[in-house]
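One structure is given below, encoded as structure tokens.
Read-outs throughout are calculated quantities, based only on the coordinates presented, and are distinct from any laboratory measurement. Quick caveat: nothing in here was measured; it's all calculated off a predicted structure. All Cβ positions, even for glycine, are placed from backbone atoms using ideal geometry, and neighbour counts span all protein chains on display.
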Amino acid sequence: MRYEGDIYRPPGEWKSYLLQCTVGCSNNTCTFCDMYKAKRYHVRPLEDVLEDIQMATGTFWREAETVFLCDGDAIDLPVDYLLAVLAALYKSFPRLRRVTTYAGPLSTLRKSPEELRTIRAAGLQRAYLGVETGDDALLRHVKKGVGAEGMLEAGRRLVEAGFDLWTIVITGLEGGDREALERNAALTAKMINDMGPKHLSSMTYMPVEGTPMYEEVRRGEMTLQTPFESLLEVRRLVEQIELSGLHYTSNHASNYLPIKGTLKEDRARILAQLDQVLAAHDTSLLRDDAMRGL
């Protein structure tokens, strides 16, 4: 397979054939992220992508059941381009049951509801949306490209178009301030409740060298949460989610405590797990910093 630069994918796509359609991220301004900073965003020629698909059919990937469209935001691709890629994938991989992609809020909003329904009907089934936070001021501070209203609208459009929406939030973006922690958890929970995704994953902010937020931390302008403040924010988030049947995970390598369950069906169990660790205040119960990563 042919790839340009480092390739990233959601943890759940570890079995997927990774097909690079775009290089980089169409927004690429987020102050906490360095994933695509070394790449100039551009769309790969359609003929190259179709050729990659044909190359993959001659390998073990022919038996692939899932395909993830890379890089950071394949939802930004023109509709005709996406339709051609999807048609070729479903024709070439006899066992294919799902095609997925990251979705940026701005690129999602640039698509009309009808365009989103069209690409969903063609087989683009799951979209991963980095919501990060429901706090309007914080979304703008981290330069996500939209505020809370735009983020909510992007998520709602994906849900209404029939996508299996997987949302991702990051606890700790507000730093180690208790009042900000409470506000961020409440606003993020409200965002998720109003958006209505099928999946929610929470990650924990970790400063990445070379990013603007790393420099904020280095200069003392931002104080990082303690591990137990991080868990408290997760608790506040979980207890305010009102959706039923929401698949929730907090088991990313950045997190201090692996958590998985269904909200709000498993909420009591998850809160009890968090309360036990918070009450013990014992760092030996947490993932060691040496084992944490992005």
Pairs with Cβ under 6 Å, 6+ apart, first in the stretch 215-229 and closer than 23 Å to residue 253 by Cα, second among the acidic types (Asp, Glu): 222/216
Any hit, the stretch 146-169, residues being surrounded by 21 or more Cβ atoms within 10 Å (Cβ to Cβ), aromatic (Phe, Trp, Tyr), touching a helix residue (DSSP H, G or I) at 6+ places or on another chain (Cβ under 7 Å) and under 21 Å from residue 195 (Cα atoms): yes
Of the criteria (1) of a type in the set (Gly, Ala, Ser); (2) surrounded by 14 or more Cβ atoms within 10 Å (Cβ to Cβ); (3) in contact (Cβ under 8 Å) with a residue 40 or more places away in the chain, which one residue 261 fails: (3)
Residues of the stretch 119-142 classified as more than 15 Å from the chain's Cα centre (by Cα), in a helix (DSSP H, G or I) and closer than 19 Å to residue 194 by Cβ, total: 4
Enumeration of residues in the stretch 131-141 that are in contact (Cβ under 8 Å) with a residue 24 or more places away in the chain, buried (at least 23 other Cβ atoms within 10 Å of the Cβ) and not acidic (Asp, Glu): 131, 133, 134
